[in-house]
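Chemist: One structure is given below, represented as structure tokens, and several questions about it will come after.
The values are calculated or read from the model by the stated rules, or taken from the named source; none is laboratory data. Quick caveat: nothing in here was measured; it's all calculated off a predicted structure. A quick note on method: Cβ atoms are made from the backbone with ideal geometry, for glycine too, and the neighbour counts reach across all protein chains shown.
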Amino acid sequence: MDTLATIWDAFIHVVDPWRFMSISFRHIPATIRGLIHEKDYGALLSFARFEEALFGTFWATIGPNVKLNAEQRVIPLLEGRIKDGVVHDEVVSTPVYGTVLEVGAGSGMYADVFARFREGADSAHDNESLRHRKTTGGHITKMYGVEPNPISAKALGQRVKDLGMDDIYHVVPVGIESVDDPSAWNGKIEPGSVDCIVSILCLCSIPEPEKNIKLLYNLLKPGGRWYAYEHVKALSTSSGHTF
Ligand SMILES: C[S@@+](CC[C@H](N)C(=O)[O-])C[C@H]1O[C@@H](n2cnc3c(N)ncnc32)[C@H](O)[C@@H]1O
């Protein structure tokens, strides 16, 4: 990278967090209005709960713009059209299948893509982007959307319903660290029970990533797959990778 590009890269990395914070601050009034409308006055008095509500409101407007850029790689990734970081027109890898867990599912930005993979999905979708899917992978039979933010989880539930996926899609309204704890939510995800994990721009939000990535990994069946589109950096260390 030449010097100018390095300076530009450093500039963007310094400016971007401030730009995002200023956009976030501008969502404060809408967050307060939303909480008053929901009569959730407790969240107005708790910093942690207000912060959570602010993020939910912020992502509802910012998420679709982020998706515009991300989907160019996320959709091919889920469709099995990415290999070694390169997007192909044809299926070159295994598309998502079986029991799928999306961690940090947000408001279900990609639920429409998952809906195309369920058994009996409208075959009209197979023509273009899902070419040859039937020869390479199965269908999604069950989904878990793990999303602890109550505003996003509510939107996720509605989106899944609108897509007619609520028979196979379970919204798990807790953090990934509690998915195997029946006292935290109305269910339990057993270790070794998941075929595919999907993580899209969420590891930056998840606490204790090293511990929770291990926990997620343990949910996979042997030979299971993890579809990751992330923007945290993996650094090589003498003992392996740290995120
Ligand atoms: C940047 S958003 C991305 C949302 C979604 N993947 C998308 O692309 O639209 C990160 C998400 O991770 C969720 N999150 C935060 N802590 C989490 C945790 N402990 N376990 C699972 N998800 C978490 C947030 O609530 C948020 O919805």
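Chemist: Would you confirm whether or not the range 62-82 contains a residue that is over 20 Å from the mean Cα position of the chain (by Cα) and within 16 Å of the ligand (Cβ to nearest atom)? First the steps, then the outcome.
Modeler: Narrowing the range 62-82 to residues over 20 Å from the mean Cα position of the chain (by Cα): none.
No, there is no match, as no residue in the range 62-82 is over 20 Å from the mean Cα position of the chain (by Cα) and within 16 Å of the ligand (Cβ to nearest atom).
Chemist: Condition check: modelled with pLDDT under 90, among the hydrophobic types (A, V, I, L, M, F, W, C) and within 17 Å of Ala105 (Cβ to Cβ). Does Cys196 satisfy that? Quick ask: steps written out before the conclusion?
Modeler: Numbers: modelled with pLDDT under 90: no; among the hydrophobic types (A, V, I, L, M, F, W, C): yes; within 17 Å of Ala105 (Cβ to Cβ): yes.
Against the criterion (modelled with pLDDT under 90, among the hydrophobic types (A, V, I, L, M, F, W, C) and within 17 Å of Ala105 (Cβ to Cβ)), Cys196 does not qualify.
Chemist: In the range 159-186, how many residues are assigned to a loop (DSSP other than H, G, I, E, B), surrounded by fewer than 16 Cβ atoms within 10 Å (Cβ to Cβ) and more than 15 Å from the ligand (Cβ to nearest atom)?
Modeler: 6
Chemist: Tell me which of these Glu52 doesn't satisfy, since it passes every other one: (1) in the same structural domain as Trp226 (by TED's automatic domain parsing); (2) of a type outside the set (Ser, Thr, Tyr); (3) within 12 Å of the ligand (Cβ to nearest atom).
Modeler: If we test Glu52 against (1) in the same structural domain as Trp226 (by TED's automatic domain parsing); (2) of a type outside the set (Ser, Thr, Tyr); (3) within 12 Å of the ligand (Cβ to nearest atom), just (1) comes out false.
Chemist: Of all residues in the range 79-93, which are under 17 Å from Ile197 (Cα atoms) and β-branched (Val, Ile, Thr)?
Modeler: Within the range 79-93, just Ile82 meets the criteria.
Chemist: Starting from residues that are assigned to a loop (DSSP other than H, G, I, E, B) and within 8 Å of the ligand (Cβ to nearest atom), keep the ones in the range 199-221 and report whichever is surrounded by the fewest Cβ atoms within 10 Å (Cβ to Cβ). Spell out how you get there, then give the answer.
Modeler: First, the residues of the range 199-221 that are assigned to a loop (DSSP other than H, G, I, E, B): 201-208.
Restricting the remaining residues to those that are within 8 Å of the ligand (Cβ to nearest atom) gives 201-202, 204-207.
Values: Leu201: 20, Cys202: 21, Cys204: 11, Ser205: 16, Ile206: 21, Pro207: 9.
Looking at the filtered set, the residue picked out is Pro207.
Chemist: Out of Arg116, Arg26, Arg19, I need the residue that is under 30 Å from Gly224 (Cβ atoms) and charged (D, E, K, R). Which one? First the steps, then the outcome.
Modeler: Details: Arg26 fails: under 30 Å from Gly224 (Cβ atoms); Arg19 fails: under 30 Å from Gly224 (Cβ atoms).
Checking each option against the conditions leaves just Arg116.
Chemist: Residues Val100, Val96: which one is of a type outside the set (Lys, Arg), assigned to a strand (DSSP E or B) and either free of Cβ contacts under 8 Å to residues at least 40 places away in the same chain or away from the ligand (no atom under 12 Å from the Cβ) (or both)? So that I can check it myself, show each step before the final result.
Modeler: Details: Val96 fails: assigned to a strand (DSSP E or B).
Just a single option satisfies the conditions, and that option is Val100.
Chemist: Let me ask something else. Against the condition more than 13 Å from Ile200 (Cα to Cα) and under 16 Å from the mean Cα position of the chain (by Cα), how does Gly56 come out, does it pass? Reasoning before the result, please.
Modeler: Values: more than 13 Å from Ile200 (Cα to Cα): yes; under 16 Å from the mean Cα position of the chain (by Cα): yes.
So Gly56 fits the description; yes.
Chemist: Right, something else. Which of (1) within 16 Å of the ligand (Cβ to nearest atom); (2) within 23 Å of Ile206 (Cα to Cα); (3) modelled with pLDDT of 95 or more does Ser107 not meet, given it meets every other one?
Modeler: Unmet condition: (3).
Chemist: Looking only at the range 30-48, decide whether some residue is in contact with a helix residue (DSSP H, G or I) (Cβ under 8 Å, 6 or more places away or on another chain), part of a helix (DSSP H, G or I) and within 15 Å of the ligand (Cβ to nearest atom).
Modeler: yes
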